[in-house]
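A.B. asks: Sharing a structure, written as structure tokens. Questions coming.
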């Protein structure tokens, strides 16, 4: 397991909590899709020059529209951080009517967006992703186009209190609101999550999720980059063409014989598809990062059949990422409606009339979870309650509005208002 003292020391050495290429835990031995640290270093330089040539400056809002979590995706994140840009987290467009109610429309538009001309995104979400970026993305920057240079340059002072990550609440219990994380907050949460999600230095990590949610960056991508040597990308959750499906199946076969140690899978449907396609048991235990829901006996059986360990985490974008962790493996005893335990004392928590009050030195005042919780023998038990009073038309297909572990209520309300 990673050592928290070593992680704290790395934070102190990392330019006082500023996100940049120095976060890479190991330069020697670093591999990302069979490319080494030099390739990443040059890709960051080239991306910074593309941004500079396009006119991007500190404080500008930018989205990363590269669907695969490849080396260019990582280089784009770090290039934006080093230039003091704010990176906006996208959600998935559900319908044409709901485009004006996507997070980018509500809390943007962005000044620039980075995309890959090598990717065919015209079929993603029935073409709605491209339309969303054209409407609200700002100036497009092709990460596959030639850069004016690959030399390193200092792009201006960045301090740890500067804003970096811009996300937003889901709109489940009210209007969606933007949430901004500073460099220091992003670094601190990511280093904390090295231990919580078991990223050892010899981990083999699969990066499956683009920046669809802040948890993809803070509980998986950045903690892995801090501590693990071996990284590769493997797309999960997109509508695949026939050729892409063949590549997907071949990739699954390779993973069966050389399984990863850590992977993020967004929801139950994708989990079932992913595991069932294998038809076999992994040769070593695979830690699967899943968020947002209670795990039942079915997950114990899946753990036995496939040799996996589920790490389900609970929190909220405006409160804690994560607040609770629930690990379920083949020998686990399921506690009904348990969301797990507090993994550490990073946040100060108390229960007040069933609501979790969460405090941290970063905040001027406490924040509260919306769910009703009960603490029993160290386990936090959730008492489910209705989340929304929307009346859906008879025969309405709500499927497009399910995104990862919950319904995108902001888009659903918007869609219904346009159609009514």
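A.B. asks: Which value results when the Cα radius of gyration for the range 74-206 is divided by 2.2 N^0.38 Å?
C.D. replies: Its radius of gyration relative to the 2.2 N^0.38 Å reference: 1.20.
A.B. asks: Next question, about the same structure. Given 0.36 nm per residue, what is the gain on full extension from residue 418 to residue 37 after removing their alpha carbon distance, in nm?
C.D. replies: Working it through step by step, the gained length comes to 132.3 nm.
A.B. asks: Below 8 Å, C-alpha to C-alpha, sequence gap of six or more: please give me the relative contact order for the chain in percent.
C.D. replies: Computed over the chain, the figure is 15 percent.
A.B. asks: Using only the Cα atoms, what convex hull volume per residue in Å³ does the range 330-420 have?
C.D. replies: Each residue corresponds to 184 Å³ of Cα convex hull volume.
A.B. asks: Rounded to the nearest 0.05, what FRET efficiency do residue 276 and residue 394 give with R0 = 35 Å and r taken as the Cβ-Cβ distance? Could you check?
C.D. replies: 0.60
A.B. asks: Mind giving me the FRET efficiency for residue 335 and residue 148? R0 is 41 Å, r the Cβ-Cβ distance, nearest 0.05 is fine.
C.D. replies: The formula returns an efficiency of 0.10 here.
A.B. asks: Going 7 Å from the Cα of residue 258 along its beta-carbon direction, which residues of the range 217-231 have the amide nitrogen within less than 18 Å of the resulting point?
C.D. replies: Backbone N within reach: 228-231.
A.B. asks: Between the range 13-66 and the range 176-241, what is the C-alpha centre distance in whole Å?
C.D. replies: 15 Å
A.B. asks: Test of understanding: what is the full-extension gain from residue 304 to residue 27, defined as 0.36 nm times their sequence separation minus their Cα-Cα distance?
C.D. replies: Between residue 304 and residue 27, full extension yields 96.1 nm more.
A.B. asks: Right, something else. Would you calculate a helix-derived [θ] at 222 nm for the chain, using -39,500 (n - 2.57) for each DSSP H run of n ≥ 4 and dividing by the full residue count, to the nearest 500?
C.D. replies: That comes out to -9000 deg cm²/dmol.
A.B. asks: Ratio of the range 269-310's C-alpha Rg to 2.2 N^0.38 Å, to two decimals?
C.D. replies: Normalised Cα radius of gyration, the range 269-310: 1.09.
A.B. asks: Fewest to most neighbouring Cβ within 10 Å: what's the order for 115, 257?
C.D. replies: Lowest count first: 257, 115.
A.B. asks: Also, quick follow-up: For the range 93-133, state the semi-axes of the equivalent ellipsoid (square roots of 5 times the eigenvalues of the alpha-carbon gyration tensor), sorted largest first and rounded to whole angstrom.
C.D. replies: Each semi-axis is the square root of five times an eigenvalue, giving 18, 15, 5 Å.
A.B. asks: With Rg and the Kirkwood Rh both taken from Cα atoms, where does Rg over Rh land for the range 24-95?
C.D. replies: 1.01
A.B. asks: I've got another one for you. Out of the DSSP beta bridges found with both residues in the chain, what percent are antiparallel (nearest 5)?
C.D. replies: 50 percent
A.B. asks: Which Rg and Dmax, in Å, describe the Cα atoms of the range 248-356?
C.D. replies: Taking only Cα atoms of the range 248-356, I get Rg and Dmax of 15.4, 52 Å.
A.B. asks: For the chain, what is the convex hull (Cα atoms) projected area averaged across all directions, in square nanometres?
C.D. replies: Here the figure is 20.2 nm², rounded to one decimal.
A.B. asks: For an R0 of 30 angstrom, estimate the FRET efficiency from the Cβ-Cβ distance between residue 159 and residue 350 and round to the nearest 0.05.
C.D. replies: Calculated transfer efficiency: 0.40.
A.B. asks: A further question on this structure: Would you report the distance distribution of C-alpha pairs in the range 142-219 as whole percents per 5 angstrom bin, up to the bin with the largest distance?
C.D. replies: Computed distribution, short to long bins: 3, 10, 14, 16, 17, 19, 13, 5, 1, 0.
A.B. asks: To the nearest Å, what is the center-to-center distance of the range 79-139 and the range 305-328, using C-alpha atoms only?
C.D. replies: So the separation of the two Cα centres works out to 27 Å.
A.B. asks: Order these by the 10 Å Cβ neighbour count, fewest first: 316, 182, 148.
C.D. replies: So the ranking, lowest neighbour count to highest, is 148, 182, 316.
A.B. asks: Next up: Figure the gain on full extension for residue 177 and residue 269 (residue separation times 0.36 nm, minus the Cα-Cα span) and round it to one decimal in nm.
C.D. replies: Extending this stretch completely gives an extra 30.3 nm.
Readers should treat all values here as calculations from the given coordinates under stated rules, not as data from a laboratory. Note that the coordinates shown come from a computational prediction; the quantities given were computed from them, not determined experimentally. Because the Cβ atoms are built from the backbone with ideal geometry, glycine has one as well, and the counts that use them run over all protein chains shown.
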